[in-house]
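Take a look at the structure below.
The values are calculated or read from the model by the stated rules, or taken from the named source; none is laboratory data. The model shown is predicted, which means the values in this text are computed figures rather than measured ones. No Cβ is skipped: glycine too gets one built from the backbone with ideal geometry, and neighbour counts run over all protein chains shown.
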Amino acid sequence: MKIAILGGGSWGTALAVHLAGNGHEIKVWEFIEEQAKEMQEERVCRLLPDAKLPENIFASHKMEEVIPGTELVLLVVPSNHAEKTMEQSVQFLKGQEVIICSKGFGSDLRLLSEVIGEKVKGEVYCLYGPTHAEEVCKKMFSGIVLAGGEGREELGKLIESENLVVDLTEDIIGVQVAAALKNVVAVFVGVLDGMGLGDNAQAFIMTRGLEEIKKVGIAYGAKEETFLSLAGVGDLIVTCNSEHSRNRKVGKEVGQGRKLQEVIDEMAMVAEGVTTLKEAIGLKKKFGLELPLITGLYEILFEGKDPKEVLKKL
């Protein structure tokens with residue numbers, strides 16, 4: 001199959017390498033011209049140095065060289081660029097199915113599937129799970145969840161390999177809420193790690209975080225069992241505990257006393273948890289929910305509150 005991947009960052013590149021390994025013809029759109037040129041000419045991605053791009057991957061910063069002629073489109077840009085990217089791509093789309101891999105909320109705290117679904121003619125799916133790019137590109141065993149309508153079974157077969165198990169669900173709402181908010185919890189876990197508060201405190205936050213994610217998901221209309229799946233607790237575990245987690249890293253640096261903006265400015269890649277947190281604080285008003293963990297982390301990062309004081313209120 002001919003597949004377009006919008007986003008040449010670490011996860012977009014890992015997916016490109018994986019799908020190319022499955023025999024598909026891959027075209028990658030990368031916003032930054034210099035990075036797209038490196039990918040095409042040197043067969044490397046500076047954000048994922050362990051990955052070597054095979055010959056059946058083409059990269060360009062021009063959408064008109066990537067999307068036309070493809071049968072499937074994967075959206076793998078940071079969530080705050082997802083809507084704009086799809087708006088730019090619409091003129092080149094011919095009804096292809098779209099798989100959203102961006103993790104976060106759309107405008108006005110709407111789900112990305114809803115926002116993107118309004119812009120494209122093809123069926124919309126979501127692909128999320130505990131899959132760090134650094135491991136997927138090395139063909140290390142992983143599991144992921146594909147959510148959407150009836151076509152998900154056929155798409156799952158195109159994605160799955162002996163090293164990547166694909167679970168299927170129709171709960172496209174739940175997987176999106178879990179994917180967005182697990183990043184927020186990981187930032188909080190990182191803060192505690194940076195302060196040296198230990199494993200017990202981190203486990204406490206992960207547990208409280210899962211409860212809060214589930215509460216928000218059900219308010220959106222998700223199925224409760226989704227939060228015990230790979231896309232729920234699975235992704236939460238790996239994002240909160242892994243050395244590859246950018247969200248945990250940001251929190252850890254803040255916990256060690258550094259300024260949030262200073263940490264973000266130094267990062268080559270985006271920590272979605274910080275972006276999502278700024279939006280997620282509005283979930284309290286949207287659904288009339290008490291969300292002490294989300295509120296507490298917001299107070300820590302943006303209002304300078306002592307994390308130990310926040311912990312006592314959870």
Quiz item: Any idea which residue in the range 300-312 is surrounded by the fewest Cβ atoms within 10 Å (Cβ to Cβ), counting only those that are without any contact (Cβ under 8 Å) to a residue 60 or more places away in the chain and touching a helix residue (DSSP H, G or I) at 6+ places or on another chain (Cβ under 6 Å)?
Solution: LYS305
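Let's see how each residue does on (1) over 30 Å from THR239 (Cα atoms); (2) in a loop (DSSP other than H, G, I, E, B); (3) more than 17 Å from the chain's Cα centre (by Cα):
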| position | (1), (2), (3) |
| --- | --- |
| GLY69 | yes, yes, yes |
| LEU74 | no, no, no |
| VAL77 | no, yes, no |
| ASN80 | no, no, no |
| LYS84 | no, no, no |
| GLU87 | no, no, yes |
| GLN91 | yes, no, yes |
| LYS94 | yes, yes, yes |
| ILE99 | no, no, no |
Practice problem: Have a look at GLU279, GLU290, GLU243, GLU262 and point out the one that is without any contact (Cβ under 8 Å) to a residue 60 or more places away in the chain and within 20 Å of the chain's Cα centre (by Cα). | Solution: GLU243
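Report whether or not THR276 is under 20 Å from SER107 (Cβ atoms) and of a type in the set (S, T, N, Q). Show your work before the answer.
Working: under 20 Å from SER107 (Cβ atoms): yes; of a type in the set (S, T, N, Q): yes.
Yes: the conditions hold for THR276.
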Quiz item: Got a sec? Which helices (runs of 4 or more DSSP H) wholly within the range 205-314 have at least 1 residues that are of a type outside the set (Asp, Glu), in contact with a Leu (Cβ under 8 Å, 6 or more places away or on another chain) and within 28 Å of VAL145 (Cα to Cα)?
Solution: 235-241, 246-255, 272-280, 283-287, 292-303
Practice problem: Within the range 221-236, work out how many residues are surrounded by fewer than 18 Cβ atoms within 10 Å (Cβ to Cβ) and closer than 20 Å to ALA280 by Cβ. | Solution: 2
Quiz item: Is it the case that some residue within the range 8-29 is under 30 Å from GLU279 (Cβ atoms), of a type in the set (Gly, Ala, Ser) and not in a helix (DSSP H, G or I)?
Solution: yes
Quiz item: Is at least one residue of the range 88-97 without any contact (Cβ under 8 Å) to a residue 40 or more places away in the chain, crowded, with 21+ Cβ neighbours inside 10 Å, out of contact with any Lys or Arg (no Cβ under 7 Å at 6 or more places or on another chain) and under 25 Å from LYS2 (Cβ atoms)?
Solution: no
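Given the structure, is LYS119 in contact (Cβ under 8 Å) with a residue 24 or more places away in the chain, in a loop (DSSP other than H, G, I, E, B) and over 24 Å from ASN22 (Cα atoms)?
yes
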Quiz item: Taking the condition modelled with pLDDT under 95, within 25 Å of VAL77 (Cβ to Cβ) and either surrounded by fewer than 23 Cβ atoms within 10 Å (Cβ to Cβ) or in the same structural domain as LEU192 (by TED's automatic domain parsing) (or both), does ASP265 pass?
Solution: yes
Practice problem: Select, from ALA203, ALA219, the only residue that is touching a residue at least 60 places away in the same chain (Cβ under 8 Å) and more than 18 Å from GLY143 (Cβ to Cβ). | Solution: ALA219
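Here's the yes/no breakdown for (1) assigned by TED's automatic domain parsing to the domain that holds PHE287; (2) under 19 Å from the mean Cα position of the chain (by Cα); (3) in contact (Cβ under 8 Å) with a residue 40 or more places away in the chain:
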position	(1), (2), (3)
SER161	no, no, yes
ALA178	yes, yes, yes
LYS182	yes, yes, yes
GLY198	yes, no, no
LYS223	yes, no, yes
ASN247	yes, yes, yes
Quiz item: Does any residue of the range 44-67 turn out to be part of a loop (DSSP other than H, G, I, E, B), out of contact with any Ser or Thr (no Cβ under 7 Å at 6 or more places or on another chain) and at positive phi?
Solution: no
Self-check item: Condition check for ASN183: crowded, with 21+ Cβ neighbours inside 10 Å and not in a loop (DSSP other than H, G, I, E, B)
Solution: yes
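Could you list, in sequence order, the residues of the range 117-172 that are of a type in the set (Ser, Thr, Tyr) and in contact with a strand residue (DSSP E or B) (Cβ under 7 Å, 6 or more places away or on another chain)? Full working, then the answer.
Within the range 117-172, the first condition is being of a type in the set (Ser, Thr, Tyr), and the residues that meet it are 125, 128, 131, 142, 161, 169.
Correct list: TYR125, TYR128, THR131, SER142, THR169.
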